[in-house]
Each structure stands twice: as structure tokens, then as C-alpha cells.
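See below for the structure under consideration.
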Amino acid sequence: MKDFIIPQFPPGSDPQDERDMGTPARSGAPVSLSIDGFAVTVPEGTSVMRAAAEAGIMVPKLCASDNMEAFGSCRLCVVEIEGRKGTPASCTTPVAEGMVVHTQSGKVKRIRKGVMELYISDHPLDCLTCAANGDCELQDAAGQVGLRDVRYAPGQNHFDPSGSGARSQAEARLRMPVDQANPRYVPKDESNPYFTFDPSKCIVCSRCVRACEEVQGTFALTIEGRGFDSKVSAGAATDDFLHSECVSCGACVQACPTATLQEKSVIEMGTPHRSVITTCAYCGVGCSFKAELNGDQLVRMVPYKHGKANRGHSCVKGRFAYGYANHRDRILKPMIRDRIDEPWREVEWDEALAFAAGRMSALQQKYGRRSIGVITSSRCTNEETYLVQKLARAVFLNNNTDTCARVCHSPTGYGLGKTFGTSAGTQDFDSVEKADVVMIIGANPTDGHPVFASRLKKRLRQGARLIVVDPRRTDIVRSPHVEAAYHLPLRPGTNVAVVTAMAHVIVTEGLVDEAFIRERCDWDEFQHYAEFVSQDRHSPETMQPLTGVPAADLRAAARLYATGGNGAIYYGLGVTEHSQGSTTVMGIANLAMLTGNVGREGVGVNPLRGQNNVQGSCDMGSFPHELPGYRHVKLPDVRKIFETAWGVEIDPEPGLRIPNMLDAAVEGTFKGLYCQGEDILQSDPDTHHVAAGLKAMECVIVHDLFLNETANYAHVFLPGSSFLEKEGTFTNAERRINRVRRVMAPLNGFEDWEVTQALANAMGANWTYTHASQIMDEIAATTPTFEGVSFALLEEKGSVQWPCNEAAPEGTPTMHVDHFVSGKGHFIVTEYLPTDEKSGPRFPLLLTTGRILSQYNVGAQTRRTANVVWHPEDVLEIHPHDAETRGVNQGDWVRLASRSGETTLRATLTDRVAPGVVYTTFHHPATQANVVTTDFSDWATNCPEYKVTAVQVSPSNGPSDWQECYNEQAERARRILPAAE
Amino acid sequence: MSPEKMVVMANQIAAFFNTQPGDPAPKVAAHLADFWEPRMRTQLQDYIRAGGAGLDPSVEAAARLLRD
């Protein structure tokens, strides 16, 4: 007897077992039935098709897939059910108690063969030369039903371009090499850079259309026409895939049972024959993928069905934009130079490491122990990050370690640490499926975290309500079948005022969850906070002139969040990258505690992390004031743990943060930097100041895949390895520790942690790690929240969410269930304090910066892929009113100037931004939006205020002086001398 | 860092803790001790010794606590 199957996992423990069960899993009361004589028990609501699959009986199918609802169109999955008339489709027929099903009766076999014969009568017989040969469900189904002949004479069809009765396209070309003699034949659409659409192979099963709707939520595809004229269409008849609303997530390609939608890489390289499960190196969603290969040649990345963050979905970056790993720009040989105005000189690893170690040691001898430091990377693994901060603490003997989280989510660490007691989001991504009200503050998930956005949109289509707090009308505000109940388009820089006004409404209208607060929070602090927010000066009406948010909308949104059921907050860099970033994070935590929206599924406070391992890099002690596990360096008992493990004395004083390093460099007390996997010249604010800081250093070591912008100021370049070339772990925004597996050998010869170890040893350390797993073992031995984590556990469980220890051996999907990590939750007063960055006559507009779907961060990876087809340059979004008063037209070059600097870029006119606000991205070094951003930063953490810069926009004829000088300097700095013979 | 930048940063910290219940000086001092690297704190103390122009009184009080 087959018993219950855990819904999220198919039978079998083999992680490679990705059998398509036909229809989605259900949860419900057990129902027992008989299928082909086997007794099966499944949850109520399960389809007969899935019940059969649970019993190991795979009913032939074409239009069904277990990641979308049953459709019942292909009629291949018909079965006979005793006591019922006809031959129902097993995909659309739910099980019933005592049901007796026959999947292989003579009648259904005859029907299936007939159906299949009809399908094949309008399908080219080019199997041997088809890109999907061996990976085609149509081919499999034909074999499964025993199709041996097609009796229909050649007639009207969609596959024969010649219209001459050819049975294959190859034959058609021989007979008549001129296409389109057959009016029904539509040539292949090759416009998308990553996949082709060949309508001649389409069986109109609608799986692509349904995947686009149900999985991705974009609704870009449709079935056009009726009957024999039915065909898949990407939007209007004049649209090809590239110019349609398709976002190239790959869900349709994944769903297609034939070669109609096919990866170009498979067409070019053939079907892959082995796969390795690993984790995406892009955003903080941390999707699991199967890297599919021939030998060591990566053929494609396919979203892993059992990945707990992405549940089998992907976006254009993770699915397709991996070509940078083999890009010709990759530097594979170490390089050194004495001065940054010299060309690079390729050397062997030993020479490069000796050069770097010698310089760094000499700097410490000359300028003191604290004169050098490191920057860890959120694009690198936990193990690599851990070793880099260990290099600072155990070899440099100082705490000058920081990470790019400084410039994105450091306020999250501070704010959630102060209120909840730990520096992380509270939920897993599955939680959104139980949310009733979702409030998105300062995040643009459809661009920045697209796979989470798809899951969110699915929940919204099911009826959850949405509140968006954002100066821009982001796509999530209104998209097909999704519309925010409230969009609060606040003025940049007024987050605290808006969040506090929401708290005002909740408190003064009696919407607080007093029982939760009394049990879970510090009551005295709550009373003080309640008194604070209740003051009239915090009311939406008083705040409206300041925030620009209509008071009625704000009140309604606050009421909805407080009373609409499970309320979940998701926020991003639009919250943190402000002078009051940490205060807003605390304000958000206050809202969740006020309404009891903490400690269970469907609620919580969820920072959407920008990069794949922001959470992990923070967990690993990258910040200069705390050791791994968010424990301050001033604590002797914590230092003792690491002093015992590392055999050194740890500096009890906090080190320099990135902006402080640059300040100290300019004033001459910080002289050397090891920068792994970051490009601070492009990503950090006030580029002039960053450049001045780097230029003032005497030894800059860049460890990266490419000669990035920072490397223009470097003396040592150590080639890095891509995520495909290393072992390790990433920790995503839901605290999920996921394995990164070595798919191919490092092109440079070493994984990044090996290079850091070699540098440490060249400076006198004696590290002896031989595998990344040993580094994780050390992390587990020294960090309580990682106590139970090991590579062995991750192999067994797939992934776990920290804390993972004796109390939670399988990890912790939801935090703060019974009590906050800090014991009681802490309400903190959030007074609105305006930023010093103010618009005025000279700079009357406010610039806010952000990201776009197809590009990632500084673009170092995505700019080296075909993703540039969607976003070849940064553009400035400006409201038509502001454009008109400046004489700016669509597509014009404009000068964007602030008190920090100026750049030029093209303008696009849109009412997506409000009058007075302009917006751009920072993906392209040719633009360098950060030339314009200022050195203002969050009061608590120094996180830069990227989101508010006073600017002026005016027509321009061409590049700014800075851009011209920069291009010249960059070209000069990248010269490489050939290696000595 | 430039004195102007240091004053802005220190005053931002004071501005937050000035809004919190109780005496802000110990909280500002604790924040500076926890997050400012020694040479930054030294620069602050030197600046105060040179007059401390433009600093929030809570910063000056915090600096005194750090000296004690």
C-alpha cells in the first residue's frame, strides 16, 4: 500500500528525481482508491493522474505538468473509472474514496494512440536532427502509447514550409527551398538571445501560456486563433518574443514538451548528459539550479524543482545570464605592477602572492597594524567570506574588515538587531503563500527579486491585498491581474515619517494587538512609543505636506495592514539607503510588533537582500565591529572563542567601515586593501572620493573575475573563480544555507578560498584547509547559530535555515515563534529627522537610484552577457513636466549634476516617477551614476544615502569631462604587458 | 575624514539618541565606542579639544564619557 506522499517532495530521496507528477500536490484528508490494482492513499483534491504517479504509474500526458493547474486539453491521459461513464482525463479528475481506476485498458490505449496519431500528423518527423532529440515529451509519449504509424495523408499542416507534402522540414527544403509557400507555416522566431520559438513544432498544449500566467505571472503569451488556426503568440501579432512583454524567465521554455521553445545553447551544443545542483550567484532569492553539462561544458542552467527558495522557477539572470563565466574579459593569470600608472605584468601565482604579502606586511611595519584591511564580498561564498575576515583578524591582527552590505543592508543588521534581537529576516519565502496583506516598502521585487515576485504575484492573484510604499510606480503596483490596494508615492527621504504615521493610525484607532505586545514585548517601551506616535504631529494629515502621501490613503493602508489578516512586510534598499535607514528598519519592526505580525507563517519582516550572499557575508563576521554570528568584538568571551580557534589575540576595538577606510586613506593612515569580489569604485557613493581613497593607497589587491573599475587603482590582481568553479555555501534572504557545488574546474586553477589561504600563508599564517567543508566546520564550531551546519547535513537536507543547532537541528523557517531572540521585543521611538541633502534652486530635483531586471548590481556579470539587449545603457527617468521645462525630449542626452559631480546619459520621459523626482540605475561604468551621489549616509551604519541626491538636469551634447577623463584613465590602467618568456 | 564630515556623522548619531528616552550622552558614547574605529574617536577628541565647533552637546558629553 502506498501511503501519504509529502506534498513538496516527490517519491524517492534521490535529489535528481524530478519526475513530473502531472498536477500539483494537494493537502487534505486522506482518500484511498485503487489504480491498476494498487491501493493508493492520497490527500483529498489530488488528481487521478497524480495519485497514479504516486503509485509509480505514469499516465501518458502532454498538457499536464505538476507546476501548473490541470488543463485537460491533450486528452492523452484518459483513463477508465469503474462506475463512471466515458474516459475522463485523469489530470482534471479528482480522486474519490473507493474509486477503481484503470489506466491501461484496451479502450484508453486505443484512444491515446489515436490522439497521438493526430498530433504527429501535424508535427515534422525531424526527430534525429531536432534539438530536443532525447529530451522531448512528445517523442516520449509517442513511444509510451506505442505509436507505430501515422495513417493520415499529408494535408494542411504547420510544419512544412514548402507546402509540398513533405513529412519533415529537411525534406521540404530539398523539395522546395523557398520558405512560406505554406501559408500556415510560421518561421522560427530567433529574436530572443537565449531561446528560439519554432511554431512549426508546437502542439498547442498551452503549457507555455499557462507557465507564463501561473508560474511567472507575466501573462505575456496567449493562444491566438481557434481550432486548427490556434497558435501561441507573444502579445500582438506584430510582436516577436524580444519585443513582447516576455521577461525571459524561461518558464515557458521549461514547460514546453517539444522543441518549440528551445534554449539556443542546446541547439548549439546538444542535449546535456550530466547535471550538478547548485545555487544561483545573482540576487538574494538564492534560487537552486541544475547546471546541465556535456563534460565540463555548461549547456544550460535549469531551475531545480526541489529548490526551497525558488520551487522550480527562475529569472532571466539565473536561467540564462551565466555566459560571463567564460567571457573573454576574464583574467586568468595573476598580475602585478609597482605603480598604478604602469601596465600590468602577468606573473606566476607565487610571485604575485609574495609581492602582495610583502607589500602588505611592509605597510603594517611602516604605518602600523591598523593601516591595512579587507573587503569581503556578498558574491562570494560563506566560506570565502569567513576566510577573508579571518585574514584581517588573525593575520593583519585588526578588525578592518567590511563588506558590500555596508552600502545596502547594514541598517537592517542594526535595526532588526535592536528591535528583534537578530539581524535577519523572520520568514522563509514559502511564508508569502499564507500572507493576507503584503506591504512592500522601498523594494522593486519584479526587477530585483523576480522569482520571489512571481510567488508574491501568485498569492496576490489568489486574493491577498497589496500596499506599495515607493516614490516610483513600480511594476508590482499594477500588472496583469495584480493591482495594489494602495500605492503611497512618498517623497524620497520621508520613509520614517510615513512609517511613523502608519503607527499613529494603528495606535490612535485602537488597532494594536495588545495581547501580543503584553506577552512578547517590553510593555514600558511600548507605552512610551504609543505616546510618541499618538502625537498629532505624526498624524497622516500633518505629515501629508511633508511626505506627499494623501492622508486618506495612508490611513486606509495602515488599517488594512493592521486588520487584514496576516500582514507581511517586505522591504529593500529604498528603506536602508537613507540617512535614516536604520530608523526606518526599526519603524518597520515596530509596525509588525504593534499588530502582532511576527512569529508565525504569513507575517513577519523580510529584508529583500540585493546580492546572493548578503545575509551570509554579514553572518560571517564581515562587519568591522562584530565576529561571526553578530557578536561584538568588545566581548571578551566571544573573542576567546576565536582566539582559541585561531591561536592569536583579537583586537577588541572596532575596525574601519568602507567609507571610513577611504577617508583614512585620503588622510594617509590607511594604506593597503585586499578587495575580494567587489567593485567599490562603481558601486560605492561619491566616485571622486572613492577614487581619491584608492589612489592614496600603496597596495590595492583586487581579487576578481575581471579587471573591474576598482582594479584601475590596483597593484595586484588575483584572478577569481566563478560560482561554477567552487565548493561552498550561500545564505539567501530567508537565512537559507544552500550548497554551491563545483560544476567545472576553476579556470584560474584555484577556488577563491584557496587564494585567500595562500595570501594568508604568504604573510606567515599556517592555514591548512583542503576543502571548503572544513571551513564550514570551523564556522559551526565557533558560531552558535551555525552549530549544526555541515556539508553532510546540507547533502542530506538540501538546505537549512539558521539558526541550526541543538534546539533546531533542521533549521528555523520562522524566527521569533515563542519569544524574540532578544527575549522581549523592543519598541524604539522613530523621530523623523530630514536628511541634510535638500533640493533647492541650484539642484531642484531629487535623484533616486535602483536596479533593472536584466542587469545586476554594477553589471560586471550581466553586462558580459546577452542581457545587454534589454538594457544597453543607464537612462534617466524624468517626469514629462520636468522634462518640458528643461527642453528635454525623449532619448535626449542630458547632464545630471549634483554637488558631488556630474555625468551624462539619455533621458526617458515617464510618469512612473513623480514631478520633482528622477531615477536611474548604476549598472554601467560609462555612466557611473555614483559620480553624482553624495557622501551622506545612515546615522548608525554609514550606509550611503543613494536614494536621495539633489540634482539638476539639463540638455547635454555629450560626455562630461569626468567621463572623458575616466575613459582615458581606465584604458591606460588596463594595459597588460605580455608575460615574460 | 574631513572635520565637516565627522561633525555631520557625530551629530546624526546625537540627533537620533536625543529623541530617545533618558540621557542621550551614554548612548551616544556607547555607539561611538561600538562603531567608530579608534582613530575616528581620536579625531573627535582632538576636534573637541580644539573647540568642537558645530558639535551637538550630546556628542561633547559623550566624548567626555569616553575620555573618563
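Are there any pairs, at least 6 apart or on different chains, whose C-beta atoms fall under 9 Å, with the first in the stretch B:36-60 and touching a residue at least 12 places away in the same chain (Cβ under 8 Å) and within 28 Å of A:Asp651 (Cβ to Cβ) and the second exposed (fewer than 14 other Cβ atoms within 10 Å of the Cβ) and of a type in the set (A, V, I, L, M, F, W, C), and if so, which?
Short answer, once both residue conditions are applied: B:Tyr47/B:Ala53.
I need every pair where a residue in the stretch A:308-326 that is touching a residue at least 40 places away in the same chain (Cβ under 8 Å) has its Cβ under 6 Å from the Cβ of a residue that is assigned to a helix (DSSP H, G or I) and of a type in the set (A, V, I, L, M), sequence separation at least 6 or different chains.
A:Asn310/A:Val451; A:His313/A:Val215; A:His313/A:Val451; A:Cys315/A:Val451; A:Ala325/A:Leu724
Quick one: which strands (runs of 3 or more DSSP E) sit completely within the stretch A:827-902 and have at least 2 residues that are in contact with a helix residue (DSSP H, G or I) (Cβ under 8 Å, 6 or more places away or on another chain)?
Values: elements: A:845-850, A:875-878, A:893-897.
Of the strands (runs of 3 or more DSSP E) lying wholly inside the stretch A:827-902, those with at least 2 residues that are in contact with a helix residue (DSSP H, G or I) (Cβ under 8 Å, 6 or more places away or on another chain) span A:845-850.
So, A:Val115, is that one among the aliphatic types (A, V, I, L, M), modelled with pLDDT of 95 or more and out of contact with any Ser or Thr (no Cβ under 8 Å at 6 or more places or on another chain) or not?
The answer is yes for A:Val115.
For the stretch B:16-68, enumerate the residues that are of a type in the set (Val, Ile, Thr) and touching a helix residue (DSSP H, G or I) at 6+ places or on another chain (Cβ under 7 Å).
B:Val28, B:Ile48, B:Val59
Taking the stretch A:190-219 as the search range and keeping residues that are hydroxyl-bearing (Ser, Thr, Tyr) and modelled with pLDDT of 95 or more, which one is farthest from A:Ser121 (Cα to Cα)?
A:Thr218
If you scan the stretch A:157-205, which residues turn out to be of a type in the set (S, T, N, Q), in a loop (DSSP other than H, G, I, E, B), buried (at least 20 other Cβ atoms within 10 Å of the Cβ) and in contact (Cβ under 8 Å) with a residue 40 or more places away in the chain?
A:Asn192
Regarding A:Tyr324, is this residue at pLDDT below 95 and of a type in the set (Phe, Trp, Tyr)?
yes
Listed here are the residues, each with its yes/no results for (1) without any contact (Cβ under 8 Å) to a residue 60 or more places away in the chain; (2) surrounded by fewer than 22 Cβ atoms within 10 Å (Cβ to Cβ); (3) closer than 16 Å to A:Val374 by Cβ.
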position: A:Pro652; (1), (2), (3): yes, yes, no
position: A:Asp663; (1), (2), (3): yes, no, no
position: A:Glu667; (1), (2), (3): yes, yes, no
position: A:Leu724; (1), (2), (3): no, no, no
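Return the only residue of A:Leu853, A:Leu905, A:Leu847, A:Leu909 being buried (at least 20 other Cβ atoms within 10 Å of the Cβ) and touching a Leu at 6+ places or on another chain (Cβ under 6 Å).
A:Leu905
I'm told A:Val108 meets every condition in (1) assigned to a loop (DSSP other than H, G, I, E, B); (2) under 17 Å from A:Met49 (Cβ atoms); (3) touching an Asp or Glu at 6+ places or on another chain (Cβ under 9 Å) except one. Can you identify the failing condition by its number?
Just one mismatch for A:Val108, condition (1).
Could you name every one of the helices (runs of 4 or more DSSP H) located completely within chain B that has at least 1 residues being within 10 Å of chain A (Cβ to nearest Cβ)?
B:3-18, B:24-35, B:38-49
Since A:His688 meets every condition but one in (1) within 22 Å of A:Glu787 (Cβ to Cβ); (2) in contact (Cβ under 8 Å) with a residue 60 or more places away in the chain, which condition does it not meet?
Of (1) within 22 Å of A:Glu787 (Cβ to Cβ); (2) in contact (Cβ under 8 Å) with a residue 60 or more places away in the chain, only one is false for A:His688: (1).
Filter the stretch A:915-936 for residues that are farther than 22 Å from A:Thr547 by Cβ and within 14 Å of chain B (Cβ to nearest Cβ) and give the result.
A:Asp935
Could you list, in sequence order, the residues of the stretch A:111-147 that are of a type in the set (A, V, I, L, M, F, W, C), part of a loop (DSSP other than H, G, I, E, B) and farther than 15 Å from A:Leu76 by Cβ?
Those that are of a type in the set (A, V, I, L, M, F, W, C), part of a loop (DSSP other than H, G, I, E, B) and farther than 15 Å from A:Leu76 by Cβ: A:Leu125, A:Cys130, A:Ala131, A:Ala132.
For the stretch A:231-255, give me the residue count where each residue is touching a residue at least 60 places away in the same chain (Cβ under 8 Å) and more than 25 Å from A:Lys61 (Cβ to Cβ).
3
Listed here are the residues, each with its yes/no results for (1) within 14 Å of another protein chain (Cβ to nearest Cβ); (2) buried (at least 24 other Cβ atoms within 10 Å of the Cβ).
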{"residue": "A:Gln527", "(1), (2)": "yes, no"}
{"residue": "A:Phe532", "(1), (2)": "yes, no"}
{"residue": "A:Gln535", "(1), (2)": "yes, no"}
{"residue": "A:Arg555", "(1), (2)": "no, no"}
{"residue": "A:Leu560", "(1), (2)": "no, no"}
{"residue": "A:Gly564", "(1), (2)": "no, no"}
{"residue": "A:Glu577", "(1), (2)": "no, yes"}
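Quick test of your reading of the structure: A:Pro471 fulfils all but one of (1) closer than 30 Å to A:Asp619 by Cβ; (2) crowded, with 24+ Cβ neighbours inside 10 Å. Name the failing condition by number.
(1)
Looking only at the stretch A:215-271, how many residues end up being closer than 24 Å to A:Ile476 by Cβ, of a type in the set (S, T, N, Q) and crowded, with 22+ Cβ neighbours inside 10 Å?
So the count comes out to 4.
Determine, yes or no, whether A:Val918 is at pLDDT 95 or above and under 18 Å from A:Pro841 (Cα atoms).
Criteria met by A:Val918.
Of the conditions (1) in a helix (DSSP H, G or I); (2) modelled with pLDDT of 95 or more, A:Phe228 fails just one. Which one is it?
Here A:Phe228 meets the rest and fails (2).
For the stretch A:640-678, how many residues meet the condition of being of a type outside the set (A, V, I, L, M), in contact with a strand residue (DSSP E or B) (Cβ under 7 Å, 6 or more places away or on another chain) and more than 10 Å from chain B (Cβ to nearest Cβ)?
The number of residues fulfilling the criteria is 8.
Determine if the stretch A:624-631 includes at least one residue that is within 14 Å of chain B (Cβ to nearest Cβ), at positive phi and under 28 Å from the mean Cα position of the chain (by Cα).
Quick first cut of the stretch A:624-631, residues within 14 Å of chain B (Cβ to nearest Cβ) only: A:624-627, A:630-631.
Still in the list and also at positive phi: A:630.
Now drop any that are not under 28 Å from the mean Cα position of the chain (by Cα), which leaves A:630.
Yes, the conditions are met somewhere in the stretch A:624-631.
For A:Pro154, work out the one condition from (1) surrounded by 16 or more Cβ atoms within 10 Å (Cβ to Cβ); (2) touching an Asp or Glu at 6+ places or on another chain (Cβ under 9 Å) it doesn't fulfil.
(1)
Filter the stretch A:350-368 down to the residues that are in contact with a helix residue (DSSP H, G or I) (Cβ under 7 Å, 6 or more places away or on another chain) and either within 14 Å of chain B (Cβ to nearest Cβ) or surrounded by fewer than 18 Cβ atoms within 10 Å (Cβ to Cβ) (or both) and list them by number.
Within the stretch A:350-368, just A:Ala354 meets the criteria.
The values are calculated or read from the model by the stated rules, or taken from the named source; none is laboratory data. Just so you know, these numbers come straight off a predicted model, no measurement behind them. Positions of Cβ are backbone-derived with ideal geometry, glycine not excepted, and every protein chain shown enters the neighbour counts.
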